[in-house]
Each structure stands twice: as C-alpha cells, then as structure tokens.
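Trainee: Okay, here's the structure, questions in a sec.
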Amino acid sequence: MSMSRKQIREHIFTVIIAKMEEQDAEKRQDALAEFMAVTGTAGNASDKIAKLIPPIMHELYEKWIILFIDRLMETVDSQNIELLCDGLPNNNAALVLAYIMFLESARMEKQIDKDLREHGLKASKNNDLGDLAANYIRSQMAKIAKDANEDKLKGNA
C-alpha cells in the first residue's frame, strides 16, 4: 500500500495531536510542578505555581507539528516515513519521539520562544486580559512565596 504525501502528513498530524490532547490538566500540572521542584524554580510552592501557568494555545501545537512534518518530509524519503505510518503503537511512539526531539532542536527552541512571545504580546495588545492575567499570576506567586516563607518560620520556631 502506497500512501500519498497528503495521507502521510495527515497521519503524522493526527498521531501527534492526539498525543498532545491526551495530556489532561492534572498530568500537565504534575509535570510542571515536578519540573519546578527539580530546577528549584518555585521553592516549596511548585504545586501551587504550576496551577497558575495557563496551557499553551492549541494553534501553537498545530503550528509546531506542521513545522515538524515539513522538516521530516524535506529530509527523509517518503517511503521511509510511510513505514512509520502503519498505525502500530511502536511506530506512533517513534513519530512522537521524533517530534519531541525536533522540538528540542536549537532551531525550534528559538521558534518556540518567538511564538510564545508573540502570543503573549498579541493577547496583551488585543485587550487588557494579558496584563490582567500576568498581574494576577505575579500577585498569586508573591502570595504563595510569602506563605511558604511564613511556613518555614513556623516550622523552625
């Protein structure tokens, strides 16, 4: 069975977006809290701060998946890609892993940073919700930090 380039693109997109969408809010917050705990980013309040971080917009995931597919199609022969498009769990996992590795490339790190900055600017220029959300998150983080410091003082007293 030979797949068209369009069918290959659609299959890869469907596999990766499905994986992104299966991550529920609780798993996402757990991952953020774990990251902040490991990196020391949030002190003792990583769980509380993780809940304040909004999810990435769906259209950004779509954009990055399309960039991945474009690059994959440019660099790998379509017959080889087609081997991964049989729907088997191991091959779907290989596609997701290749996507993750693509996201970790220097080129994509720059692209992701640029896209997130543009997204933040767009949200704050179109209305004051961006500033409101940022101010709210800052105030909540300050409150959490204050509470964490008070807990330390109580625990040491």
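The values are calculated or read from the model by the stated rules, or taken from the named source; none is laboratory data. Because the structure is predicted, anything quoted here is derived from the model rather than measured. When we count neighbours, we look across all protein chains shown, and the Cβ atoms used for this are built from the backbone with ideal geometry, even at glycine.
Trainee: Hey, can you tell me all the residues within segment 1-13 that are surrounded by 14 or more Cβ atoms within 10 Å (Cβ to Cβ) and assigned to a helix (DSSP H, G or I)?
Mentor: Ile8, Arg9, Glu10, His11, Ile12, Phe13
Trainee: Would you confirm whether any residue within segment 65-77 is farther than 15 Å from Lys19 by Cα and outside any helix (DSSP H, G or I)?
Mentor: Taking every residue of segment 65-77 in turn, at least one turns out to be farther than 15 Å from Lys19 by Cα and outside any helix (DSSP H, G or I).
Trainee: Answer yes or no as to whether Asp131 is among the acidic types (Asp, Glu), surrounded by fewer than 11 Cβ atoms within 10 Å (Cβ to Cβ) and either assigned to a helix (DSSP H, G or I) or at pLDDT 80 or above (or both).
Mentor: No.
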